[in-house]
Amino acid sequence: MFDPFRESVDPEKYLIVTYHMSSTISLKKAAYDLAIGQSMGNPNERNSWETDEMFERHSCLVLSTTLEDAKEGFVDIAFAVENTDWDGDGIAHLMCQISGGQADIDHITRSRVIDLKIPQSVRKHFHTPKYGISGLRAFNQQFDKPFMGGIVKPKTGLSPARLLEMVKQMVDGGVDFIKEDEILSNPQFCSLADRVPLISNYIQNCGRAVKYCFSINGDPHVIESRVKFIASEGGNGVHINFWSGLGVYHSIRRLDLPIYLHYQKSGDKAITHHANAFGISWYVMCQLAALAGVDSLHAGMYGGYLSDEETQLNILMKMLQTNNVIPGLSCGMHAGLVNHITEHVGNDYLANTGGAIHGHPRGTTAGCKAMRQAIDHTYGTEYDEAIKKWGLING
């Protein structure tokens with residue numbers, strides 16, 4: 001009889017998923033039902049179409065030997081690489097497999113995805129960042145310091161002409177990177193058709209090396225055409241919130257266009273919050289983003305109005321940096337936090353700022369200069385004014 005419980009597997013033939021699971025019956029039964037249900041079929045019913053060879057080749061395998069009496073704990077389950085067309089099925093189908101039908105099994109009360117071990121046999125089907133840490137440093141020729149990012153605020157309501165004036169002030173203040181907020185996509189009053197040529201022409205001729213990421217959130221049938229349009233107009237970046245689909249980043253990277261790709265997380269807690277029994281950890285979401293080849297990603301924040309637990313955020317940032325993905329820190333970033341954060345995590349992050357540049361006492365250009373001075377250690381009056389308003393964090 002087929003036994004799905006194994007001590008080890010060939011790590012190139014299986015993608016291994018770590019779950020935190022619980023069951024009203026037993027953890028062993030929960031793991032078995034997940035393994036069979038997410039590969040072969042009904043956990044409780046066998047049929048004549050199933051063969052021993054099918055079970056051996058295509059079933060998920062439970063990598064644990066200590067599940068007999070527990071009702072809750074961590075379980076590693078191995079998914080056969082052979083079950084997926086990685087070039088076509090990609091991340092979307094992977095998610096269907098690892099976070100799918102187990103939620104319909106009534107005795108499984110928790111099945112939270114907390115880590116992935118992705119073999120090279122899978123990674124080879126995906127793309128590394130087009131730019132990432134190394135590429136953006138080569139682009140803007142800034143080394144041994146964080147990247148300075150600016151966020152368009154207000155989030156929506158600006159006309160293309162007003163948006164251009166804001167962008168000019170941000171560039172004059174010294175940004176390396178600008179992203180539109182995720183709330184802006186393609187409204188009639190500031191359509192992509194109107195703003196992309198206007199902003200792209202300015203960025204191309206502004207005299208500084210700046211990546212500008214247009215927000216292009218949308219359904220799959222429009223995303224690729226929007227990216228192609230931006231590239232055709234000389235644009236150099238796009239910004240997409242994950243609600244447009246976890247597979248969309250891979251689709252864009254496969255186009256192989258000279259486009260910087262930024263992943264935005266707002267809303268992720270609907271999936272990633274620890275209280276969600278059938279959720280996916282933010283760490284796993286970031287693993288998938290890195291697999292898809294994003295250039296930067298809003299990882300979290302230290303000390304802002306979003307302040308993540310420092311140890312876990314450090315682990316997450318290290319994973320992203322190892323994959324050449326720039327961790328973006330925002331949600332309360334200001335000049336008085338920059339040196340404190342850099343002392344703790346090093347230089348390879350994007351200090352992304354919205355309110356603290358546009359809300360500077362002397363406006364957007366001065367707010368950008370304050371951030372620039374904090375990053376470059378060239379402190380001036382703009383920095384002093386920012387510290388007076390937002391404070392200085394040391395240690």
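Points worth noting:
- Any hit, segment 365-374, residues being in contact (Cβ under 8 Å) with a residue 12 or more places away in the chain, polar (S, T, N, Q), closer than 16 Å to Y302 by Cβ and in contact with a Phe, Trp or Tyr (Cβ under 9 Å, 6 or more places away or on another chain): no
- When segment 27-75 is filtered for residues that are surrounded by fewer than 17 Cβ atoms within 10 Å (Cβ to Cβ), among the hydrophobic types (A, V, I, L, M, F, W, C) and under 30 Å from the mean Cα position of the chain (by Cα), only F74 remains.
- You will find that of V152, V167, the residue that is assigned by TED's automatic domain parsing to the domain that holds I216 and under 22 Å from L337 (Cα atoms) is V152 and no other.
- Residues in segment 365-386 that are buried (at least 16 other Cβ atoms within 10 Å of the Cβ) and either at pLDDT below 95 or β-branched (V, I, T) (or both): T365, I375.
- Restricting segment 267-313 to residues that are in a strand (DSSP E or B) and among the small types (G, A, S), the residue that is nearest to L255 (Cα to Cα) is S296.
- Checked across segment 339-352, the condition of being of a type in the set (G, A, S) and without any contact (Cβ under 8 Å) to a residue 40 or more places away in the chain holds for at least one residue.
- Within segment 69-84, the set of residues being part of a helix (DSSP H, G or I) and either farther than 20 Å from M40 by Cα or not charged (D, E, K, R) (or both) comprises V81, N83.
- Annotation note: of K130, K179, the sole residue that is touching a Pro at 6+ places or on another chain (Cβ under 8 Å), of a type in the set (D, E, K, R) and under 24 Å from S244 (Cα atoms) is K130.
- Residue match in segment 62-70 (condition: modelled with pLDDT of 90 or more, touching a helix residue (DSSP H, G or I) at 6+ places or on another chain (Cβ under 6 Å) and β-branched (V, I, T)): yes
- Of the residues making up segment 257-274, one or more are of a type in the set (G, A, S), within 28 Å of R195 (Cβ to Cβ) and either assigned by TED's automatic domain parsing to the domain that holds S215 or buried (at least 18 other Cβ atoms within 10 Å of the Cβ) (or both).
- Qualifying helices (runs of 4 or more DSSP H) (wholly inside segment 85-196; at least 2 residues being of a type in the set (G, A, S) and at negative phi): 132-140, 160-173
- The sole residue among S307, S281, S244 that is surrounded by fewer than 19 Cβ atoms within 10 Å (Cβ to Cβ), assigned by TED's automatic domain parsing to the domain that holds H340, at negative phi and of a type outside the set (K, R) is S307.
- Any hit, segment 181-198, residues being in contact with a Leu (Cβ under 9 Å, 6 or more places away or on another chain), basic (K, R), surrounded by 15 or more Cβ atoms within 10 Å (Cβ to Cβ) and closer than 21 Å to A231 by Cα: yes
- Counted residues, segment 324-358 - those being out of contact with any strand residue (DSSP E or B) (no Cβ under 9 Å at 6 or more places or on another chain) and crowded, with 20+ Cβ neighbours inside 10 Å: 2
- Filter result for A209 (small (G, A, S), touching a residue at least 12 places away in the same chain (Cβ under 8 Å) and part of a loop (DSSP other than H, G, I, E, B)): yes
The values are calculated or read from the model by the stated rules, or taken from the named source; none is laboratory data. Every value quoted in this text rests on a predicted model; they were computed, and no experiment measured them. All Cβ positions, even for glycine, are placed from backbone atoms using ideal geometry, and neighbour counts span all protein chains on display.
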